[in-house]
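Participant: Handing you a structure now.
No value in this document is a laboratory result; all are computed from the given coordinates. Every value quoted in this text rests on a predicted model; they were computed, and no experiment measured them. Methodologically, a virtual Cβ is constructed for each residue, glycine included, from the backbone with ideal geometry; neighbour enumeration extends over all protein chains shown.
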Amino acid sequence: MGTLPTRVFVTYVRANGVSMTEAAEQSVRRGRKFDQVLEGARTIFVRDGFDGASVDDIAREAGVSKATLYAYFPDKQLLFKEICAQECQRQADDVEARIDPSMSVETMLTLAGERIAGFMMSDFGQNAFRLISGEGARFPEMARDFYRNGPGLIHDRLVHHLHHLVQNGALQIDDLDLAAEQFIQLCKASLAEKLLFRMDHQINDDRVRRSVRGAVEMFMARYGAAPKG
């Protein structure tokens, strides 16, 4: 899908001395059919992967012309980046909406863990995970953007909630960043490598629940506050 093939765009790049990626980012615009384009592209990316997704198929699925598609997103990486950001934001917001201050620590962590593992197991999550694992060296900016908008966002949200739990005396944690990262990785234990090596047929709902349950138990054993009295 390359950059927008217009003389104006190329002239802008040369005149302002910016990279093609920077220029493309500044050229993305929102409009009436923005969400329509994203939804169509999301369907095609999930079905065909990043490299297999074509402009024609995305435009057809979105119900727009190729010119309209280019007008919104002059670069395929930017389109994939936007979809990843929105999907990860949606997942994080969904967890936030379900969290109740009256929940026990174990219940809150289980909820968060199920969403972390659930995203990995989703068609979109698996596609993104394999793409970044396989193409991170070729597309380092895309890999960094995916981390910031995905795992990085989840990590920051988790740190926020762990901080409040520590303040309330429910947990005892000195290094919140490390604790959050440990919990996230524990939730993915026995899942990540199987997905990477195309062994996802060995993963079922029971295995996911077992992984999350083990993560919560280990986390509480390490950071749970000692009972009072």
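Participant: Quick one: net charge around Gly214, please, counting Lys, Arg +1 and Asp, Glu -1 for every other residue with C-beta under 12 Å from its C-beta.
Facilitator: Residues near Gly214 contribute +4 overall.
Participant: Could you tell me which trypsin sites (Lys or Arg not before Pro) in region 83-131 are loop residues by DSSP with no more than 12 other beta carbons within 10 angstrom of their beta carbon?
Facilitator: For trypsin sites (Lys or Arg not before Pro) across region 83-131 that sit outside H, G, I, E and B with at most 12 neighbouring Cβ atoms in 10 Å, the list is empty.
Participant: Mind putting a number on the dipole of region 84-194 about its Cα centre? Charges go on the C-beta only, +1 for Lys and Arg and -1 for Asp and Glu, and I need it in Debye to the nearest 20.
Facilitator: Using only the charged Cβ atoms, the result is roughly 280 debye.
Participant: Checking the table Lys76/Lys194; Lys81/Lys188; Lys33/Lys194 against a 30 Å threshold on Cα-Cα, which pairs fail?
Facilitator: The answer is Lys33/Lys194.
Participant: If we count every other residue with Cβ under 12 angstrom of Arg157's Cβ, Lys/Arg +1 and Asp/Glu -1, where does the sum land?
Facilitator: Surrounding charge for Arg157 is -3.
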